[in-house]
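The values are calculated or read from the model by the stated rules, or taken from the named source; none is laboratory data. Computed from a prediction, not measured in an experiment: that's the story for all the values here. Here the Cβ is made from the backbone with ideal geometry for all residues, glycine too, and neighbour counts use every protein chain on show. Ligands, DNA and RNA are excluded from the accessible area calculation, which covers all protein heavy atoms including side chains. Shrake-Rupley method; radii C 1.70, N 1.55, O 1.52, S 1.80 Å.
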Amino acid sequence: MLLHTLHYYRLAICWSGRSFPLCENETFRPAGRTHFTSGHGKTMSELKIYNTLTRIKEVFEPIDADNVRMYVCGPTVYDFAHIGNARPAIVFDVLFRLLRHRYGADHVKYVRNITDVDDKINARALRDFGPDISSGKMSLNDAIRQVTEKTANQYHKDVAALGCLCAKCRAARHRSISTAW
């Protein structure tokens, strides 16, 4: 269902024109450029992003234009992806592409969190592997690992099928954020 629902997103990205390259095989503008052209042929000198804390659009100025970093929340991997999981993947993919276009592909790092510690995951592991856990054939931690690995792998396949560029992912319990940067 998810792939059929969002099939047109991929087509729209690839047909969106040369001034804002959204397809993986296009050449991105080198770093250091401060202007880019919108799809309407207008030159834009600043990128504004809505700040939910101040509730206003603010000019985006990276701390370091040679190392622009995005860290976004990803799914909690207790079940297969649904439309609610696809929306942020698509929105942040578009932002990632825009930042790559503006600052250069080699100068933007995109990290997406994968939450693999949650009560819903524990419940799913007990539901799917309860008899094996009760009989001692499997530990709860092994069951949790099986649930999260299976659903995280499927999530990555679904996001790739939508045409989203790869983000570096990190799991909540396995690594600290500093390893992703």
Scan region 144-173 for residues that are closer than 15 Å to F96 by Cα, in contact (Cβ under 8 Å) with a residue 24 or more places away in the chain and part of a helix (DSSP H, G or I) and report the count.
-> 1
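Could you tell me whether F96 is among the hydrophobic types (A, V, I, L, M, F, W, C), within 30 Å of S45 (Cα to Cα) and in contact (Cβ under 8 Å) with a residue 60 or more places away in the chain? Walk me through it before giving the result.
Working: among the hydrophobic types (A, V, I, L, M, F, W, C): yes; within 30 Å of S45 (Cα to Cα): yes; in contact (Cβ under 8 Å) with a residue 60 or more places away in the chain: yes.
Yes.
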Starting from residues that are over 30 Å from D116 (Cα atoms) and hydroxyl-bearing (S, T, Y), keep the ones in region 25-76 and report whichever is modelled with the highest pLDDT.
-> T54
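If a residue has to be loosely packed, with under 10 Cβ neighbours inside 10 Å and touching a residue at least 12 places away in the same chain (Cβ under 8 Å) to count, how many in region 52-85 make the cut? Step through it out loud before you land on a result.
Taking region 52-85 as the starting set, the residues that turn out to be loosely packed, with under 10 Cβ neighbours inside 10 Å are 52-56, 59, 61, 63-64, 84.
Adding the requirement that they be touching a residue at least 12 places away in the same chain (Cβ under 8 Å) leaves 59.
The total comes to 1.
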Quick one: count up the residues across region 107-143 that are open to solvent by 70 Å² or more (accessible area, probe 1.4 Å), charged (D, E, K, R), in a helix (DSSP H, G or I) and free of Cβ contacts under 8 Å to residues at least 12 places away in the same chain.
-> 2
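Go over the candidates V147, V117 one by one and state the one that is modelled with pLDDT under 95 and either among the hydrophobic types (A, V, I, L, M, F, W, C) or on the phi > 0 side of the Ramachandran plot (or both).
Values: V147 fails: modelled with pLDDT under 95.
Result of the check over V147, V117: V117.
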